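Q: The structure follows.
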Amino acid sequence: MHTGKVRVLIVDDSPEVVEMLRSVLVQDGHDVDVADNGRLALEIAETFAPDVVLLDLVLPEIDGLEVCRHMRATTDAHIIMITAKDDEVDRVVGLTVGADDYVTKPFYPREVSARISAVGRRSRAPKAAPRPQTRVFGELRIDPEARRVTVGGQEVVLTKKEFDLLEAITARPKVVHTREMLKDNIWGTDWFGDDHVVDVHIGNLRKKIDVPGRGSRIETVRGVGFRLAGNW
C-alpha cells in the first residue's frame, strides 16, 4: 500500500452488506473486489492481492475461519473479521486463527472505511530507525529484523499482531505496558475497537511461546497491563 488507494476484498454473502460497504469504500478512493463465498474469496485473493480483507465469519463453500487460516498462511493482508452482534465467541475465535481486528454487526460503513484508511496511512509511514539485533531471554530468541522467533531452538510461527506485541514488550522488558499503550502502538490511535483485542492476542501469544508448567513468559500486572516475566 504505497499510494492513497487501499486494495480491499469484501467477503460476505449478503448483497446488502456488500453493496453498502463497496459504495462507501469506492467513494473514498479504494480499489474494491468482492466474493460471496469462501472458495471464491481464496481464488480472488491470489490475483487481486488485497491489502485489507473484510471477512464475514459465516460463508457458503468454505467458512470464514478456514478462509482466514488460508489467507494468513499466504498473505500479509490486514484481515478484519465481520462478526455477529455481541457474539464474544465469534470475536475471540476469529482473532485466534489470525485475524487482526473485528467489527460487529450492525456497523457503520464510514467507521470501517476510516479503519481501512488508517491501515493505509500506517503502512505508508516512514520506517522507524533500525531495530536492535537478536534479543535473548533464556530459550526465547527474537530477531526483529527477520521477524523470527524461536523457543529452545524451534521456530515459532506468529501472526503479525502477535509478533508486534512480543517485540513491543521485549524491547522494554522491565516496563509495564498498559493495554492502551499496546493497542495504540500496534493497532493505531485511530483504531475503533476496545482493549480486549490486546488480551486475546496476548493469550494466543502465550500459547505459542510458553512452556507448560513453567508459568508465562508474559506476566500480567493486575489492573495495569503486561511485562516480560523476570523468571525466565
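The values are calculated or read from the model by the stated rules, or taken from the named source; none is laboratory data. Model, not experiment: these values are computed from the prediction. FYI the Cβ positions are ideal-geometry reconstructions off the backbone, even for glycines, and counts take in every protein chain you see. These accessible areas exclude ligands, DNA and RNA; they are computed on the full protein's heavy atoms, side chains included. Shrake-Rupley method; radii C 1.70, N 1.55, O 1.52, S 1.80 Å.
Q: (1) more than 22 Å from the chain's Cα centre (by Cα); (2) closer than 24 Å to residue 187 by Cβ: which one isn't true of residue 51, the others all being true?
A: For residue 51, the failing item is (1).
Q: Further, regarding this structure: Kindly establish whether residue 134 is at pLDDT 85 or above and either open to solvent by 20 Å² or more (accessible area, probe 1.4 Å) or not assigned by the TED database to the domain that holds residue 208 (or both).
A: Spelling it out, residue 134 is indeed at pLDDT 85 or above and either open to solvent by 20 Å² or more (accessible area, probe 1.4 Å) or not assigned by the TED database to the domain that holds residue 208 (or both).
Yes/no per residue for (1) in contact with a strand residue (DSSP E or B) (Cβ under 9 Å, 6 or more places away or on another chain); (2) modelled with pLDDT under 90; (3) within 24 Å of residue 112 (Cα to Cα); (4) not hydrophobic (A, V, I, L, M, F, W, C):
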residue: 144; (1), (2), (3), (4): yes, yes, no, yes
residue: 157; (1), (2), (3), (4): yes, no, no, no
residue: 165; (1), (2), (3), (4): yes, no, yes, no
residue: 171; (1), (2), (3), (4): yes, yes, no, no
residue: 178; (1), (2), (3), (4): yes, no, no, yes
residue: 182; (1), (2), (3), (4): yes, no, yes, no
residue: 195; (1), (2), (3), (4): yes, yes, yes, yes
residue: 207; (1), (2), (3), (4): no, no, no, yes
residue: 214; (1), (2), (3), (4): no, yes, no, yes
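Q: Pairs needed: first member in region 91-119, without any contact (Cβ under 8 Å) to a residue 40 or more places away in the chain and farther than 16 Å from residue 10 by Cα; second member anywhere, in a helix (DSSP H, G or I) and open to solvent by 10 Å² or more (accessible area, probe 1.4 Å); C-beta distance under 6 Å; at least 6 residues apart or different chains.
A: Sorted first by the residue in region 91-119, then by its partner, the pairs are 97/65; 97/69.
Q: Let me ask something else about it. For region 98-114, name all the residues that are of a type outside the set (Gly, Ala, Ser), open to solvent by less than 10 Å² (accessible area, probe 1.4 Å) and either in a loop (DSSP other than H, G, I, E, B) or more than 28 Å from residue 163 (Cα to Cα) (or both).
A: Passing the criteria: only 100.
Q: Taking region 194-229, which residues are open to solvent by 20 Å² or more (accessible area, probe 1.4 Å), part of a loop (DSSP other than H, G, I, E, B) and either basic (Lys, Arg) or touching a residue at least 24 places away in the same chain (Cβ under 8 Å) (or both)?
A: Once the filter is applied, which keeps residues that are open to solvent by 20 Å² or more (accessible area, probe 1.4 Å), part of a loop (DSSP other than H, G, I, E, B) and either basic (Lys, Arg) or touching a residue at least 24 places away in the same chain (Cβ under 8 Å) (or both), region 194-229 yields 211, 214, 222, 224.
Q: Would it be correct to say that residue 162 is part of a helix (DSSP H, G or I) and either under 17 Å from the mean Cα position of the chain (by Cα) or not assigned by the TED database to the domain that holds residue 81 (or both)?
A: Against the criterion (part of a helix (DSSP H, G or I) and either under 17 Å from the mean Cα position of the chain (by Cα) or not assigned by the TED database to the domain that holds residue 81 (or both)), residue 162 qualifies.
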